[in-house]
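Student: Have a look at the structure that comes next, please.
Just so you know, all these numbers are worked out from the coordinates, no wet-lab data involved. Every value quoted in this text rests on a predicted model; they were computed, and no experiment measured them. Because the Cβ atoms are built from the backbone with ideal geometry, glycine has one as well, and the counts that use them run over all protein chains shown.
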């Protein structure tokens, strides 16, 4: 149970003061009935509407973003444009943060949420959540490259990489890479170590969540119930 005005303010669309004013003006209904006041306790299973429009009462928010090149995976940066700048104001005000990072020039799937426990679970090294990338490289990929990825690699600076999958595609210099960890610039560094520098990189999936093919670069959508449930399993 949570105060009605606090629940409304948590959507990011109104301040606490504005939420109280909405309730007092009779613009808010709970299960079709007007509440006694903004301090009323509301169960998240109840239906809350403002001006007849239903309001999400979820405790957490989950956003799928098709990150474009040129923005950084951060909540704020003094010099660079961040992924939060691609979201509407109400979503920028509720504490969303990217789960993991994509390089500035890397495109693709990025999950943003204010669900700290889920983010921790997905990023915990012991979880080994699979992340699939599409890569274009300068050079031709060989069976030896694939075996090197499968064996696990030690990079020039001594970084140890877990075994990974490298699947060359039909078009030369194109491949899918599956990682089970998320070290700094890992895909680029592993392919560079094989003499195949990356010219384009895009993340396609993270665990059970796949990038929506209908979502263009720079666009976002809220996760569907089934997508959220898959993460919670």
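Student: Take the Cα gyration tensor of segment 130-206, multiply each eigenvalue by 5, square-root it, and list the three semi-axes largest first, rounded to whole angstrom. Intermediate results must be reported in sequence, preceding the final value.
Tutor: Working: eigenvalues 56, 40, 26 Å².
One finds semi-axes of 17, 14, 11 Å for segment 130-206.
Student: According to the Cα gyration tensor, what semi-axes, each the square root of 5 times an eigenvalue, does the equivalent ellipsoid of segment 2-55 have, listed from largest to smallest in whole Å?
Tutor: Working: eigenvalues 37, 28, 24 Å².
After scaling each eigenvalue by five and taking roots: 14, 12, 11 Å.
Student: How would you classify segment 191-233 from its alpha-carbon gyration tensor, with a ≥ b ≥ c the square roots of the eigenvalues: rounded for a/c under 1.5, else prolate if a/b is greater than b/c, otherwise oblate?
Tutor: On the way: a/c = 5.03, a/b = 1.87, b/c = 2.69.
Oblate is the answer for segment 191-233, as a/c is 1.5 or above yet b/c matches or exceeds a/b.
Student: Which one of 13, 44, 92 has the biggest mean-square fluctuation once the chain is modelled by GNM with Cα springs under 10 Å?
Tutor: 44
Student: For the pair residue 43 and residue 92, what calculated FRET efficiency results from E = 1/(1 + (r/R0)^6), where r is the Cβ-Cβ distance and R0 = 30 Å, to the nearest 0.05? All intermediate terms of the calculation are to be shown ahead of the outcome.
Tutor: Numbers: r = 27 Å, r/R0 = 0.92.
After rounding, the FRET efficiency stands at 0.65.
Student: Let me ask something additional. Rounded to the nearest 500 deg cm²/dmol, what is the calculated helix-only ellipticity per residue at 222 nm for the chain, with -39500 (n - 2.57) per DSSP H run of length n ≥ 4?
Tutor: Values: 7 runs with 52 residues, N = 233.
Calculated from helices alone, the mean residue ellipticity at 222 nm is -6000 deg cm²/dmol.
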